[in-house]
Amino acid sequence: MAKWDEESVAAELLACEAERRDREPFTDEWPELDVDTGYRIQDANLEKRLARGEKLLGVKLGLTSEAKQRRMNVHAPFVAWVTDDMVMAVGDPVPQAKLIHPRIEPEIVFVMKDRLEGPGVTRESAMAAVESVAGGAEVIDSRYRNFRFRAGDVVADNASSGAYVVIEKTVSPDDIDLIAEPVEVYVDGKLEQTGTGADVQGHPGEALALAANDLARRGLAIEPGQVVLTGGITDAVFAPPGSTIEVRFGTLGSVTIEGGEDPDSSS
C-alpha cells in the first residue's frame, strides 16, 4: 500500500492529468485526506500551474446543485481554480487529447467588477460586485476512475477541472432573473437535462458568496476581472468522441460543443 502525503498526491494528480491516466481515490489508502488537506494540495498544484506559465483567470464551484451532489454522493459544494489552459473558444470541440472521460454541464458565469472578499459576503453584496453575466458550459474531467471519490479527493483534484467555454453574449446582472433562467442540455439532438438558475444554491449569487467566504478561510479573495463559474445547473452528460452537446439558455444564448475525435484511435 502506497504511503501518500500532500506532496506526493499533488504530484500524482498532475501526472495523471498529463498522462490521461485515471486511478482509484487516494482516500482508499489515505483516509486522512480531508477537505482542508485537499485545498492545500489544490493550492500547491495551482502554484505549479502558474510556474509553468498558466495564468489564473478565476474560480469555479463544484457540486453546487443537488443533482450533482446526489450523483457524486458528496453533499457540499467546493471551490477550485480556472486558468487560461482550460479555456475553450466557442466552436472548439472537446479537447479529448487532454482529457480522460469528459462530461459537460451548463453553467452561469459571472465576470467580476469589484474585489469580493469574505467572510460575511451575502448574495446581495456578491451580486453588487458582478460586472456581467454569461452562460457557458464546463467540460469536467476527473483523475479518479469512474468519477468515484470522497470530498478530500475531489477538492485535491481541483474539483474535477477540465475545460470550459463561455457564450459571447453577456447581460447586466440587473437585466436577468437568475433564479428563473432556464437551460436545456441536448445530446445528439435528444433533450437529456433541464434546470434553472435556482438549481445552483437557490440562486447563483449564493454560490458566488459561498466561494468568497470559502476563499477567505485561506486568506484569498475573488479579484476584479476574474471569472466565476458558479457550478453545474444540471447533472453532467458524457461527451465522448463523435457526440454533439448543445446547451440552450433562455436569455443567455446557446453553445454547441462537438465531441471531437478519439485521440486513442489508430486510424
Original post:
In segment 156-175, which residue that is more than 13 Å from the chain's Cα centre (by Cα) and part of a loop (DSSP other than H, G, I, E, B) is farthest from Phe26 (Cα to Cα)?
Top reply: Ser172
**OP:** Would you point out the residue of segment 134-155, among those that are more than 13 Å from the chain's Cα centre (by Cα) and of a type in the set (Gly, Ala, Ser), that is nearest to Gly62 (Cα to Cα)?
**Re:** Ala151
**OP:** Return yes when Ser142 is surrounded by 15 or more Cβ atoms within 10 Å (Cβ to Cβ), touching a residue at least 24 places away in the same chain (Cβ under 8 Å), in contact with a helix residue (DSSP H, G or I) (Cβ under 7 Å, 6 or more places away or on another chain) and among the polar types (S, T, N, Q) and no when it is not.
**Re:** no
Original post:
If a residue has to be assigned to a helix (DSSP H, G or I), in contact (Cβ under 8 Å) with a residue 40 or more places away in the chain and of a type in the set (Lys, Arg) to count, how many in segment 10-46 make the cut?
Top reply: 0
Original post:
Mind checking which pairs have a first residue in segment 52-77 that is modelled with pLDDT under 95 and a second that is exposed (fewer than 12 other Cβ atoms within 10 Å of the Cβ) and assigned to a loop (DSSP other than H, G, I, E, B), Cβ under 6 Å, 6 or more apart or different chains?
Top reply: Gln69/His75
**OP:** Residue by residue through segment 149-182, note down the ones that are basic (Lys, Arg) and either more than 18 Å from Gln42 (Cα to Cα) or surrounded by 23 or more Cβ atoms within 10 Å (Cβ to Cβ) (or both).
**Re:** Lys169
Original post:
Taking segment 239-258 as the search range and keeping residues that are within 26 Å of Val133 (Cα to Cα) and assigned to a loop (DSSP other than H, G, I, E, B), which one is nearest to the chain's Cα centre (by Cα)?
Top reply: Ala239
Original post:
For the subset of segment 208-229 comprising residues that are of a type in the set (Gly, Ala, Ser) and at negative phi, which member is surrounded by the fewest Cβ atoms within 10 Å (Cβ to Cβ)?
Top reply: Ala221
**OP:** Among the residues of segment 136-180, write down those that are over 30 Å from Gly260 (Cβ atoms) and of a type outside the set (D, E, K, R).
**Re:** Ala151, Gly152, Ser172, Pro173, Ile176, Leu178, Ile179, Ala180
**OP:** Would you tally the residues in segment 94-134 being closer than 15 Å to Ser254 by Cα and either of a type outside the set (Gly, Ala, Ser) or surrounded by 22 or more Cβ atoms within 10 Å (Cβ to Cβ) (or both)?
**Re:** 7
**OP:** From the list Val133, Val155, pick out the single residue that is in contact with a Phe, Trp or Tyr (Cβ under 8 Å, 6 or more places away or on another chain) and closer than 18 Å to Ala216 by Cα.
**Re:** Val155
Original post:
Quick one: would you say Tyr186 is aromatic (Phe, Trp, Tyr), in contact with a strand residue (DSSP E or B) (Cβ under 9 Å, 6 or more places away or on another chain) and under 18 Å from Leu99 (Cβ atoms)?
Top reply: no
**OP:** Select, from Gly242, Gly205, Gly232, Gly260, the only residue that is crowded, with 18+ Cβ neighbours inside 10 Å, at positive phi and not polar (S, T, N, Q).
**Re:** Gly260
Original post:
Would it be correct to say that Glu19 is of a type in the set (Asp, Glu), closer than 28 Å to Pro106 by Cα and modelled with pLDDT of 95 or more?
Top reply: yes
Subject >> Condition met for Asp175 (charged (D, E, K, R) and within 17 Å of Lys113 (Cβ to Cβ)) >> reply: yes
Original post:
Do we find that Glu131 is within 15 Å of the chain's Cα centre (by Cα), at pLDDT 95 or above, assigned to a strand (DSSP E or B) and acidic (Asp, Glu) in this structure?
Top reply: no
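The values are calculated or read from the model by the stated rules, or taken from the named source; none is laboratory data. Since this is a predicted model, take the numbers as computed values, not measurements. Here Cβ is always computed from backbone atoms with ideal geometry, including for glycine, and neighbour counts include all displayed protein chains.
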